[in-house]
Amino acid sequence: MEPQRTLVLPSPPPKSNSALIIGLAVGLAVLLVGGGAGAFLYLRGAGSKQTVALPSAEPFPTTATQSPSDLPSESASPSDPPASEPPTPTPSETESSSSRVDPGSPLTDKEFDDWDFKLGDVELRAKRVGGWTYSTCDPVDGQGVLARNHCQRAIQLAYSAYGGHIKAVQVILAFPSEQAAKQAATRLATLDSNAVKWRKDKAHSTYVYGKMRAGASKKYVVVTVLTADKAAKSLATYYHQYLQSDHASYFLFRDLTVTS
């Protein structure tokens, strides 16, 4: 496995109501487990407290499914996480908290429950506070990139952890082939956040950590936005990397047919 290399952009100058700034991230967890292209993005805002600023979009469909409560709940977290980037788990080391489905079945948000991750001494948990399934990718396609790469279906997931101090939104996209997914991820890595519409109402309006990870895994593209306030800043990188890589790993095996 190649060593992980992540290009981190310097802190942006103060600016209000700006979009995300994208930096290419080579060797993100999803790249290592899925072989696709990836991007590492910062959310920009004013000063140390940043504000998520995405372009106006049509309301998301109200027919999507959602968990009974959107209130954040306490979640267990490491008491003394190392300061460096966490190691990348491999598919054989992790057990996804998602619910296995029939290979090739349509992607739905119901495949993912509360997130309960364990790897060695690392235990991370997050409460699922929302889930949305779309029969097309139109509701999350900001600039037509998904349509041009024949994106077929999309879901969104919202999570809350550490008593609401950490919030995450995932957009997961299904494509007709691995090549289409890789092409879409590669193109997204060259654009700003306007290319994907995500539920900004499920992230913090102000935060000290705000980043996005994205990459292809088989025929899927996983995009994870995570924000954290000052109380959870030291835990944010761990939650972000593990949530992204765990769900990306799930798609390595989702559509495999087991033969006797």
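The values are calculated or read from the model by the stated rules, or taken from the named source; none is laboratory data. Keep in mind the model is a prediction, meaning the values are calculated, not measured. Quick reminder, even Gly has a Cβ in these numbers, built from the backbone with ideal geometry, and neighbours come from all protein chains shown. To get the accessible areas, we keep the full protein, side chains included, count just its heavy atoms, and leave off ligands, DNA and RNA. Shrake-Rupley method; radii C 1.70, N 1.55, O 1.52, S 1.80 Å.
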*Would you mind stating whether Q156 is closer than 26 Å to P103 by Cβ, open to solvent by less than 10 Å² (accessible area, probe 1.4 Å) and in contact with an Asp or Glu (Cβ under 9 Å, 6 or more places away or on another chain)?*
yes
*Which residues, counting only those in segment 207-228, are closer than 21 Å to T133 by Cα, open to solvent by 10 Å² or more (accessible area, probe 1.4 Å) and modelled with pLDDT of 95 or more?*
K218, K219, Y220
*What are the residues in segment 130-145 that are touching a residue at least 24 places away in the same chain (Cβ under 8 Å) and part of a loop (DSSP other than H, G, I, E, B), if any?*
C137, G142, Q143
*Total residues in segment 229-259, condition open to solvent by 50 Å² or more (accessible area, probe 1.4 Å) and in contact with a helix residue (DSSP H, G or I) (Cβ under 9 Å, 6 or more places away or on another chain)*: 2
_Number of the condition not met by E123 [criteria: (1) at pLDDT below 95; (2) crowded, with 20+ Cβ neighbours inside 10 Å; (3) within 16 Å of Y242 (Cα to Cα)]_ = (2)
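Residues of segment 173-196 being surrounded by 24 or more Cβ atoms within 10 Å (Cβ to Cβ) and either touching a residue at least 60 places away in the same chain (Cβ under 8 Å) or over 19 Å from S135 (Cβ atoms) (or both), which ones?
Within segment 173-196, A181, A185, L188, S193, A195 qualify.
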*Restricting segment 169-206 to residues that are modelled with pLDDT of 95 or more and among the acidic types (D, E), the residue that is nearest to S217 (Cα to Cα)*: E178
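Among Q156, Q170, which is assigned to a strand (DSSP E or B), in contact (Cβ under 8 Å) with a residue 12 or more places away in the chain and in contact with a Lys or Arg (Cβ under 9 Å, 6 or more places away or on another chain)?
Working: Q170 fails: in contact with a Lys or Arg (Cβ under 9 Å, 6 or more places away or on another chain).
Exactly one of Q156, Q170 is assigned to a strand (DSSP E or B), in contact (Cβ under 8 Å) with a residue 12 or more places away in the chain and in contact with a Lys or Arg (Cβ under 9 Å, 6 or more places away or on another chain), namely Q156.
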*Taking only pairs six or more apart or across chains, which ones have beta-carbon atoms under 6 Å, a first residue in segment 101-129 that is farther than 17 Å from V222 by Cα, and a second residue that is among the aliphatic types (A, V, I, L, M) and outside any loop (DSSP other than H, G, I, E, B)?*
F117/L124; A126/A161; V129/A158
